[in-house]
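Below is one structure, written out as structure tokens; comments come after it.
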Amino acid sequence: MNFDPDAFKEFFPLFAQPENRDLIYLDNAATTQKPRAVIEAVTDFYLHSNANTHRSSHRLARRATEMVERVRRQAAVFLNAASPREVIFCRGATEALNLLAYSLCSGLRPGDEIVISTAEHHANIVPWQMMAQRHGLTLRYVPHIAGIPEFQRLHEVLNERTRIVSLTGGSNALGLRPDLEGIARQLRGCRSRGRELHWIVDGAQLAAHETVDVQSIGCDFFVCSAHKFYGPSGIGLLYGRESLLRRMPPWQGGGEMIATVDLHSSDYADLPHRFEAGTSPLAAIAGLGAALEFLADRDRAAMAAHEQSLLARLHREIAELPGVRLISEPKQNLGILAFVPENGSATDLVHWLDEKDIAVRVGHHCAQPLIRAAGETATLRASLAAYNTADDVERFIESLRDYLSASETVPEQVALSSTAG
Ligand code: PMP
């Protein structure tokens, strides 16, 4: 494998700061660190190009407009969308899913059905619940065992009332990456009986670890957040098939999304602007452009293979530690290890690791139905990015071993010292 994680890590200035020299950052499913090129693109925008887009015609405004449309073209390449008109900028996966829920459900009839899964992030549950209540729709779940969806049984919950299927491309709590081809096959079966339904992929985690090709996936919509794939926060992408986006009502109203406004009605702008009301986060879009360029210059397959080898090692070694209950599986996993300590609390353990400069996360990870079905209220999650090294993994496992052996002998002392700092 021709991937050097140490060399890759050098692109990320945060790790070079004196206070972070010993940091082991294993919270990448929450957000990744940013390469220098991304940080500089954000700063450069404010230093050299700051102006609002589309509205004015002076030099800076034109430059900002060109930048936004260039990044849109880059994003279309990143997703392999058929056209930049199919790429809508939004705040992130959450906003994209809310837009889809609002716009798609406004055309549904009471009794129509939406299918999601127990492995969804709250961003792909709550908007559908809200729309189900508002429009009298029925929310169905892919059959599951103890919260783990059996995506191969999706067809069991599809029927003539199914209108929307919105499923994760990778769970942020467990890393579980569904077989998207299998899902596509089952949906084809349903559509071949003449039913119109729309398939949304929540790609917030997927886009961080795999090359995305919306055309070969065959989905109707795909959402992701730049901050999960080395880009800035505050900007994300919604891909939608052009023929569908054209028929959908806009979500937010305001400037930029109109063609003409009269006293009692308005005509909307063409795609993609009709879904982008108001001023976009322009500096974040500049940063997204830099992140897309950064990724386009890398061997993403080699990055993923490196992450997978670290993940396999984490699962192998942690499975052997006494006093740990593994929740995640190493197979079909985007780079996430989830477990709970059998003695003591996961929260204490995370604070203790924090004191050792190891950043992992504890909680329900915005996936309460899944974590609850696993019989837990909180799990400990270590999530990988390509700048993690074998040394990171080793130090994490060693620290965990120390904690567990100490908590086996003197649990109270460990608990006390862990809450002190
Ligand atoms: N879906 C998944 C699978 C996620 O991991 C996240 C972020 N944790 C989201 C949706 C929401 O993304 P954001 O908070 O960036 O809008």
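Answer yes or no: is there a residue in the stretch 51-66 that is in contact with a Leu (Cβ under 7 Å, 6 or more places away or on another chain), among the hydroxyl-bearing types (S, T, Y) and within 17 Å of A290 (Cβ to Cβ). No, the conditions are met nowhere in the stretch 51-66. One residue stands out among those in the stretch 278-303 that are within 24 Å of A82 (Cβ to Cβ) and touching a Gly at 6+ places or on another chain (Cβ under 7 Å): the one that is surrounded by the most Cβ atoms within 10 Å (Cβ to Cβ), which is L288. Screening the candidates V201, V212, V223 for the property of being within 16 Å of the ligand (Cβ to nearest atom), free of Cβ contacts under 8 Å to residues at least 60 places away in the same chain and under 17 Å from the mean Cα position of the chain (by Cα) yields one hit, V201. In the set (1) within 16 Å of the ligand (Cβ to nearest atom); (2) on the phi < 0 side of the Ramachandran plot; (3) surrounded by fewer than 24 Cβ atoms within 10 Å (Cβ to Cβ), the condition left unmet by G147 is number (2). A count restricted to the stretch 389-410 and to residues that are open to solvent by less than 20 Å² (accessible area, probe 1.4 Å) and under 30 Å from D6 (Cα atoms) stands at 9.
Listed conditions (1) under 25 Å from the mean Cα position of the chain (by Cα); (2) open to solvent by 60 Å² or more (accessible area, probe 1.4 Å); (3) at pLDDT below 95 are all met by K331, apart from (3).
Residues I235, I318, I336, I258: which one is among the β-branched types (V, I, T) and within 24 Å of D220 (Cα to Cα)? Just one listed residue meets the conditions, I235. Taken over the stretch 226-246, the residue count meeting the criterion of being touching a residue at least 24 places away in the same chain (Cβ under 8 Å) and farther than 16 Å from A284 by Cβ is 7. You will find that of L187, L174, the residue that is away from the ligand (no atom under 16 Å from the Cβ), buried (at least 18 other Cβ atoms within 10 Å of the Cβ) and either small (G, A, S) or not in a strand (DSSP E or B) (or both) is L187 and no other. Taken over the stretch 110-126, residues that are crowded, with 21+ Cβ neighbours inside 10 Å and part of a strand (DSSP E or B) amount to 3. Taken together, the criteria exclude E120 from residues that are closer than 17 Å to S280 by Cα, within 16 Å of the ligand (Cβ to nearest atom), under 21 Å from the mean Cα position of the chain (by Cα) and of a type in the set (D, E, K, R).
Taking the stretch 1-93 and the helices (runs of 4 or more DSSP H) fully enclosed by it, the elements with 2 or more residues that are of a type outside the set (K, R) and in contact with a strand residue (DSSP E or B) (Cβ under 6 Å, 6 or more places away or on another chain) are at 59-79. Of all residues in the stretch 374-388, those being open to solvent by less than 10 Å² (accessible area, probe 1.4 Å) and farther than 15 Å from A29 by Cβ number 0.
Of all residues in the stretch 40-74, those satisfying the criterion of being touching a helix residue (DSSP H, G or I) at 6+ places or on another chain (Cβ under 7 Å), open to solvent by 30 Å² or more (accessible area, probe 1.4 Å) and among the aliphatic types (A, V, I, L, M) are V42, L60.
When L167, L97 are checked against the criterion of being in contact with a Ser or Thr (Cβ under 8 Å, 6 or more places away or on another chain), within 16 Å of the ligand (Cβ to nearest atom), modelled with pLDDT of 95 or more and under 25 Å from S192 (Cβ atoms), L167 stands alone in meeting it.
The values are calculated or read from the model by the stated rules, or taken from the named source; none is laboratory data. Remember, predicted model here, so these are calculated numbers, not experimental data. Virtual Cβ from ideal backbone geometry, glycine too; neighbours counted across all protein chains shown. When the accessible area is computed, the model is the full protein with side chains, heavy atoms only, and any ligands, DNA or RNA have been set aside. Shrake-Rupley method; radii C 1.70, N 1.55, O 1.52, S 1.80 Å.
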